[in-house]
């Protein structure tokens, strides 16, 4: 072959390579560099198969950026990747996804202003074992929500019944006298319910007087259950345990099409015109968070809107350095509800967690919850090894740490702080509820079965800044991290506490406590309006003892404009400065607990009040127990 022929052959091979590359790029929407992918609106009717196909080829065709031509894209589960997942503080479920972001490094997903509409039991973003993942400029919503809404149209005081009007948006049927809301790919019973005020588009004032509904009553026939023996401890909240010895209490009857009457309600009858929101039973209603982030180092969400999810807006587990800037959880399409659980939630995370310039509204649980996990010593196998058990069924599958993480051993009846420390050599996961941990050093001699362990390394520094938190059920911030925490320049208007600082060891087994907390420059507007007799900021433990749990707290330069008296509730705290705060009475709602003081303190020491202004209605500003000593509000 002559030189000219060789050159022609080389040219033809080069052109063929370019053509193949172009076709491949066209098929997967790539433009520019081979590792950048652009999806266009021609896939919008169901984007799942195209997006999934490209992501599943990333091991051979790496991706650094996935972007979307601006528009609305639908994602259906039928052709999605199926996975069984344990998700902390959710149900363990089989889900489908179009975005299985696993084992990726340095990936950006840019919606370029697009809206992603999901259908059924999907997790939009399933991100695992990855590094430096960015999601930006995208809105997440569901075509059909996981909750249901109905309007109270009548109540009958003599029969103690009330009627609800259900729009065509929420198909339903009545089975065995129970109301079932039927969705595409999903259904739920009435289950957990709460009232919304459609004028305020917020949780109704004093909703605790009307809801929750009494779903169950004790069965009339139950024999020999006491003869059932369990060798090992059991969780009475497990779905298969909590149904024992109870049957449905409420009865639902259709009065005419779209109008359903509810019998056997035990609290006050809901007011006509209010919206009742139903999301099904607790053990079945957390199954589709918008973002599930696990074992990720570096997660960044910017200009992201989550209008709905069948669970949390974002749940992050065992991850590090998570920055949410403009991560907004808000309701859409005239709905009262955004996400059916927390807006955001962080379990066993470390490094930094930052929430800034964000709005969290109308979700059916906290704006955020930051904590570790307590796990229970099940058995002591040898000097280095023990078996541990998960305390709550929605913590199943959670791995407490990794090699060389520092572990604390606790007996909360004696102290909220560890009596001994060690570090992990290895963890063997036997099943979702039971794991075996081998330690680098010998176990403490005084370790007992039933003691708790926590990962002392798996807590983040937390910043919540310039956020709006309002109109939701439950708390604003639920914080259990001993690392530096700054809550700055936020607006709160929540149904329960604006800020709850707990030690929680008997239900969810959420570990941690505050040891370096600054709350500054915030506005608290009419929080605790659901009827609970609790402070707007509350420090609390569920082990009723006098031991210190919280340290080094500063609350300064905040404005409390509240309808009710109780502003600050402090327990088990050593070192709290409350200074330069302004407390006024808003008059927005009638007072519910007129006998309360403005501040209540117990089992605490080194508490100071300086340069505060009080213009509220409490006849007594400060109430303390004997442990506090002489204390004056200034």
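Only the coordinates and a few stated rules stand behind these numbers; no lab work does. This one's a predicted model, so the numbers in the text were calculated from it and none came from an experiment. Reconstructed Cβ throughout: ideal geometry from the backbone, glycine too, with neighbour counts over all protein chains shown.
Subtract the Cα-Cα distance of residue 214 and residue 448 from 0.36 nm times their separation in residues, and report this length gain in nm to one decimal.
Once the chain is fully extended between residue 214 and residue 448, it gains 80.3 nm.
Dimensions of region 70-142 from C-alpha coordinates, computed as largest minus smallest value along each principal axis and given longest first, are 33, 28, 23 Å.
The Stokes-Einstein estimate for region 233-306, based on a Kirkwood radius over Cα pairs and taken at 37 °C with 0.692 mPa s viscosity, is a diffusion coefficient of 187 µm²/s. Given a Förster distance of 35 Å, report the FRET efficiency between residue 611 and residue 156 from their Cβ-Cβ distance, rounded to the nearest 0.05. The formula returns an efficiency of 0.05 here. Taking each residue as 0.36 nm, the span from residue 174 to residue 441 lengthens on full extension beyond its C-alpha to C-alpha distance by 90.2 nm. With each label modelled as a point 7 angstrom along the Cα→C-beta vector, the residue 421-residue 225 pair spans 4.5 nm.
Rounded to whole Å, the principal axis extents of the Cα atoms in region 120-237 read 56, 52, 30, largest first.
Contact order for region 374-455, expressed relative to its length and based on alpha carbon pairs under 8 Å spaced 6+ residues apart, stands at 40 percent. Working from Cα pairs under 8 Å separated by at least six residues, relative contact order for the chain is 9 percent.
Normalising the average separation of contacting C-alpha pairs (under 8 angstrom, six or more residues apart) by the number of residues puts the relative contact order of region 148-284 at 41 percent. When peptides 74-84, 620-630 are ranked by their average number of other Cβ atoms within 10 Å per residue, the highest-first order is 74-84, 620-630.
If you take the Cα atoms of region 374-455, find Rg, then find the Kirkwood Rh from the mean of 1/r over all pairs, what is Rg/Rh? Taking Rg over the Kirkwood Rh, I get 0.92.
The ellipsoid equivalent to the alpha-carbon distribution of region 408-540 has semi-axes of 34, 16, 14 angstrom, derived from the gyration tensor eigenvalues as √(5λ) and listed largest first. Counting every other Cβ atom within 10 Å of each residue's Cβ, 163, 226 order from fewest to most as 226, 163. Computed extension length for residue 129-residue 383: 88.2 nm, one decimal, from 0.36 nm per residue of separation with the Cα-Cα distance subtracted. Label reach from residue 543 (point 7 Å along Cα→C-beta): in region 445-474, amide nitrogens under 13 Å belong to 448, 450-454. A simple packing score, the average count of other Cβ atoms within 10 Å per residue, orders the peptides 337-344, 528-535, 284-291 as 337-344, 284-291, 528-535, with the highest score first. Working from label points 7 Å from Cα in the Cα-to-Cβ sense, the residue 61 to residue 199 distance is 5.8 nm. Listed values (1) 35.4; (2) 26.4; (3) 29.8 include one computed from this model; for mean projected area of the Cα convex hull in nm² that value carries the label (1).
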